[in-house]
Amino acid sequence: MFNNLTQRLSQSLRKIINKGRLTEENIEDTIREVRKAFLEADVTLSVIKKFIENVKKKSIGHQINKSLTPGQEFIKIVKNELILAMGEKSNSLNLSITPPAVILIVGLQGVGKTTNLAKLARWIKNKHKKKILIVSTDIYRAAAIKQLQMLSQQIEVDFFSSNINQTPIEITEQAIKYATLKLYDVLLIDTAGRLHIDKKMMNEIHEIQALSKPIETLLVVDSMMGQDAINMARIFNEELSISGIVLSKTDGDSRNGIALSMRYVIGKPIKFIGTGEKINELDAFYPERTAERILGMNDVMSLIEDIEEKVDQFHVKKLTKKLKKGHDFNLNDFLIQIKQMKKIGGLNYFIDKFSTNNKFFNKISSLNTDKNTLNRVEAMIQSMTPKERIKPIIIKGSRKRRIASGSGTKIQDVNKLLKNFDDIKKIMKKIKTSGIAKVMRGIKNILPKNF
């Protein structure tokens, strides 16, 4: 997400970052490039106009912070304007009411409402430890109810059965009664979509909304729709007064200018973004982190959250304790970390979390591995003797041939593994820590401090 915009803005802002002072001339040149980058990203024209006006107004004659260069101060202004465009703070779900808290999911057909409802249910379950019930009122689309039932089994969340012979109002009423009786904390209601906005659809959702009195009415928007999504969201908001937006398919080929436009045009926050097709690929939307990522800054906090959710904390604490005592990081430790990386999605996951122009991660680009490569690395380590894993320095010619033969790889692969291990070992030596958050802060501390 935002890769093209990040690249364009990085090129534009690089020209001004080391300027000794800000002038109308050098600001104008940079702003012209910023405008082009936003246009290419399909940001709404009214948003671009307001953004540029604010940046120019705040830059010219601006008092420079003593700890920053004028160029860095300009980038700080750009970052703050990006945050203002997307919303100054993260807008979490409002679940602080007498149970069940009803969340209504609405949107056009084909935007991913049903899948995103399941993703959201899983997110609430894992993040807030709530007892959740989900129900489908979509009696029109073939297999819509069955689809949600299958997803409920996948995420291990309770499903309220409904069928096409019932009306959406009947289903909603019965689901609310059941959720209340069985003491569910949250009820998520999936509604029917249409290929276009029509009065019948809106009237039906109005009735469901009036009956269920949802604490949240979330509109699922397909980021691939571009400017059409803005118009669609405006109509939904006028009709239903939505509380927030779930932006889906942000991992696709869309230019994602919609994320910068939606809050400004509609006046309602983006609360979640779908980052992939898998059921766990839904993230809370943080405007500040998104602004930092657009500008090529490091998205460390979201990385920490993902690691804490997916990584086995027992192994993290064990490695932390070992490093703290001054023991060497060996290939046994590396093997455990590889297994943890595979859970997250490979080392690509870490590198993708950071700017593509980050010098530190360019330095270890040779480690850029997917799960298949990690499987081969794991096989090579498992082909080593216990002594070789502890003291890899003894692995020479004949040992390399044996390891390569035993793991179905080449000697060159073994050489690359040993070199990569040395690089990682150097990184681990720099980290003195007592917890996963400090591990990531340690990584942050050895990244370039351009901002």
task: Return yes or no: is L218 within 27 Å of the chain's Cα centre (by Cα), surrounded by 21 or more Cβ atoms within 10 Å (Cβ to Cβ) and touching a residue at least 40 places away in the same chain (Cβ under 8 Å)?
output: yes
When every residue in segment 26-50 that is of a type in the set (A, V, I, L, M) and within 25 Å of the chain's Cα centre (by Cα) is compared, the one nearest to K79 (Cα to Cα) is V34
message = Tell me yes or no: at least one residue of segment 247-260 is assigned by TED's automatic domain parsing to the domain that holds T137 and more than 24 Å from the chain's Cα centre (by Cα).
response = no
Of the residues in segment 228-254, those that are touching a residue at least 60 places away in the same chain (Cβ under 8 Å), assigned to a helix (DSSP H, G or I) and touching a helix residue (DSSP H, G or I) at 6+ places or on another chain (Cβ under 8 Å) come to I230, M232, L240
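Give the residue, chosen from A175, A192, that is at pLDDT 90 or above, within 21 Å of Y140 (Cα to Cα) and assigned to a loop (DSSP other than H, G, I, E, B). Full working, then the answer.
Values: A175 fails: assigned to a loop (DSSP other than H, G, I, E, B).
Sole residue among the options that is at pLDDT 90 or above, within 21 Å of Y140 (Cα to Cα) and assigned to a loop (DSSP other than H, G, I, E, B): A192.
Quick check on K271: is it modelled with pLDDT of 90 or more and in contact with a strand residue (DSSP E or B) (Cβ under 9 Å, 6 or more places away or on another chain)? Steps first, answer last, please.
Values: modelled with pLDDT of 90 or more: yes; in contact with a strand residue (DSSP E or B) (Cβ under 9 Å, 6 or more places away or on another chain): yes.
Yes, satisfied.
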For K127, the lone unmet condition from (1) modelled with pLDDT under 95; (2) farther than 24 Å from E277 by Cβ is (2)
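If the requirement is being in contact with a helix residue (DSSP H, G or I) (Cβ under 6 Å, 6 or more places away or on another chain), at pLDDT below 70, over 19 Å from T6 (Cβ atoms) and not hydroxyl-bearing (S, T, Y), which of these qualifies: L68, L22? Don't jump to the end; show me each part of the working.
Details: L68 fails: in contact with a helix residue (DSSP H, G or I) (Cβ under 6 Å, 6 or more places away or on another chain).
Result of the check over L68, L22: L22.
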Subset of segment 110-147, residues surrounded by fewer than 20 Cβ atoms within 10 Å (Cβ to Cβ) and over 26 Å from the mean Cα position of the chain (by Cα), comes to I139, Y140, R141, A142, A143, K146
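Could you list, in sequence order, the residues of segment 152-175 that are out of contact with any Lys or Arg (no Cβ under 9 Å at 6 or more places or on another chain) and crowded, with 17+ Cβ neighbours inside 10 Å?
Initially, segment 152-175 is screened for residues out of contact with any Lys or Arg (no Cβ under 9 Å at 6 or more places or on another chain), giving 152-153, 159-175.
Answer for segment 152-175, where residues must be out of contact with any Lys or Arg (no Cβ under 9 Å at 6 or more places or on another chain) and crowded, with 17+ Cβ neighbours inside 10 Å: S152, F159, F160, S162, P168, I171, T172, A175.
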With the first residue restricted to segment 171-189 and required to be closer than 8 Å to P99 by Cα, and the second required to be assigned to a helix (DSSP H, G or I), Cβ contacts under 7 Å at 6 or more apart or on different chains are V186/I124
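The values are calculated or read from the model by the stated rules, or taken from the named source; none is laboratory data. Bear in mind that the values here come from a model prediction, so they are computed numbers and not experimental data. Glycine gets a Cβ as well: all are built from the backbone with ideal geometry, and neighbour counts include every protein chain shown.
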